[in-house]
Amino acid sequence: MTDAVPFTDNFSDLSNSEGYQFEFRCERCGNGYRSEFRRDAIETGRGVLRSIGSLFGGKVQDLSYAADRWRYNQATNSTAKDKALRAAVEEITPSFRQCRGCSDWMCSTQCWNDEIGQCLRCSPSVAEEVSRAQASAQRDQIWEKAREKDWTSGIDLDTRAKVSCPSCGSKADGGKFCASCGGSLAPIAKCGGCGNEGNKPGAIFCNECGSKL
């Protein structure tokens with residue numbers, strides 16, 4: 001009978017041609033925990049054979065190439081990797097807990113509720129929930145009080161606001177005159193009588209026909 005393998009959906013294989021290493025992630029906060037790098041004995045031996053083969057050639061070099069082919073074929077499903085993974089699981093397991101509520105693997109230091117025996121996603125900390133609720137209520141009350149207050153007194157809502165100065169083109173932050181050139185920010189009025197658009201900002205009468213703007 002085969003043994004159950006934990007951490008099947010929350011680890012990454014960081015192994016390379018030199019050896020084996022795995023990274024396990026908490027499924028709530030995402031923090032990663034890496035196992036100790038374990039050098040592959042066969043890879044080490046292959047390196048030795050390659051070095052000797054480069055000096056002497058012949059059968060020794062053939063053994064090195066054979067080891068290369070074995071390493072290529074067995075890299076992902078080798079007995080050595082299975083052994084390294086089991087060792088990594090034993091090393092990392094004390095840092096994790098599997099929640100019986102959601103079945104996810106959580107880190108024991110940040111995402112586990114020791115009092116309840118479940119992860120903080122299934123059984124949130126009472127103090128954290130109270131704090132979160134208080135902050136949410138406070139935010140809602142701030143918005144409500146802000147809406148009740150009159151923030152428009154003193155603002156001219158009858159005149160079309162200008163976002164740039166008609167004289168110099170600089171960005172306008174409100175007011176009657178441009179902070180960059182001193183030009184008037186009042187919109188240019190079009191004469192309803194003659195259609196003249198050359199009236200200066202703030203003019204009361206058209207400078208072409210004298211009609212009231």
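Please find the FRET efficiency linking A203 to S180, where r is the Cβ-Cβ separation and R0 is fixed at 25 Å, and quote it to the nearest 0.05. Efficiency computed from Cβ-Cβ geometry: 0.70.
So between S103 and D150, what do we pick up on full extension, going 0.36 nm a residue minus the alpha carbon distance?
Working: separation 47, 0.36 × 47 = 16.92 nm, distance 5.22 nm.
Extra length from S103 to D150 when fully extended: 11.7 nm.
In this structure, the amide hydrogen of F96, modeled 1.01 Å from its nitrogen in the peptide plane, lies closer than 5 angstrom to those of S108, counting only residues at least 5 positions away or on a different chain. Annotation: amide H-H contacts under 5 Å for G19 (H modelled 1.01 Å from N, sequence separation of 5 or more, or interchain): D40.
Each value in this text was obtained by applying a stated rule to the coordinates, not by laboratory testing. Since this is a predicted model, take the numbers as computed values, not measurements. Here the Cβ is made from the backbone with ideal geometry for all residues, glycine too, and neighbour counts use every protein chain on show.
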